[in-house]
Amino acid sequence: MSLVDGIKDLLFPARCQGCAIQLDHSRRPLLCSSCLALLSPVTSPLCPCCGIPFPSGQDHLCGDCLQGRFAFDRARSIFLYREPIRSLLVRFKFGGKLSRLDTLTALATQAGTATLFAEPDLILPVPLHIERLRSRGFNQSLLIARSCFPHWQKKIRTDLLIRHQATTPQTSLSGRARRNNSKGALSVCRPNHFIGRHVLLVDDVFTTGATLHECARVLRRAGAGEIEAFTPARAL
Ligand SMILES: [Zn+2]
Ligand SMILES: [Zn+2]
């Protein structure tokens, strides 16, 4: 630690980003030992396709994947969407607290994100609707892709998979029409770019998998080869 960093630590002691207790260090991840102990890593046994973990037994396809519900080949997450990961992601995504992303990235790196995937041809952050992007000011999936895959920066593209402005306001539609409206909202630019390509999609949380499935469906139609998905967190 440099002298400047040492003085900074004395004047502005770092706080745990999970419970706000004062820390005796300023290294990432900024979490105290109690919050670190709460982390729930996603481990085997799990579904080799969608990555949902099981309480016991061996790896096997889950019911959804047996029915071929998802268009991607493989989705992997690092942690369950529980505390302190949930708070880190919420404060990063909705509060614009980029320091939370540093902690999240440090945790993901320590947990071996770099070894989860073979080098893809393209890394595509799940695109935001332009209005959402304007109001939030950043695409959380792009920032996650950049920070979790620094060695593959040149593979990250935001110009190939886009989310169109929905033609009909969602609020005026029924549930089914809403789903169809958002289905049509994703499309690829330069379809020839995808033929046989190994694509890694990046999003923040795997909840139902519907968004990643929609992205993968569009890519599949454009002729993509292997399609994988990474989210730091996974809801159960
Ligand atoms: Zn804490
Ligand atoms: Zn599955």
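Each value in this text was obtained by applying a stated rule to the coordinates, not by laboratory testing. The shown structure was predicted, so the numbers you read here are calculated from the model rather than taken from an experiment. Glycine gets a Cβ as well: all are built from the backbone with ideal geometry, and neighbour counts include every protein chain shown.
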The stretch 52-77, subset in contact with a Cys (Cβ under 9 Å, 6 or more places away or on another chain) and under 10 Å from Arg234 (Cβ atoms), residue nearest to ligand 1 (Cβ to nearest atom): Pro53
Any idea which of Ser33, Ser40 is more than 15 Å from ligand 2 (Cβ to nearest atom), surrounded by 12 or more Cβ atoms within 10 Å (Cβ to Cβ) and of a type in the set (Gly, Ala, Ser)? Ser40
Within the stretch 136-143, is even one residue free of Cβ contacts under 8 Å to residues at least 24 places away in the same chain and loosely packed, with under 14 Cβ neighbours inside 10 Å? no
Matching residues in the stretch 49-75 (closer than 29 Å to Gly223 by Cβ and surrounded by 15 or more Cβ atoms within 10 Å (Cβ to Cβ)) number 14
Considering residues that are touching a residue at least 40 places away in the same chain (Cβ under 8 Å) and either surrounded by 16 or more Cβ atoms within 10 Å (Cβ to Cβ) or under 24 Å from Ala216 (Cα atoms) (or both), the number found within the stretch 98-118 is 14
Under the condition of being under 30 Å from Leu212 (Cα atoms) and out of contact with any Asp or Glu (no Cβ under 7 Å at 6 or more places or on another chain), which residue from the stretch 6-36 is nearest to ligand 1 (Cβ to nearest atom)? Cys35
State yes or no: is Cys65 of a type in the set (A, V, I, L, M, F, W, C), within 13 Å of ligand 2 (Cβ to nearest atom) and either in contact (Cβ under 8 Å) with a residue 24 or more places away in the chain or assigned to a strand (DSSP E or B) (or both)? no
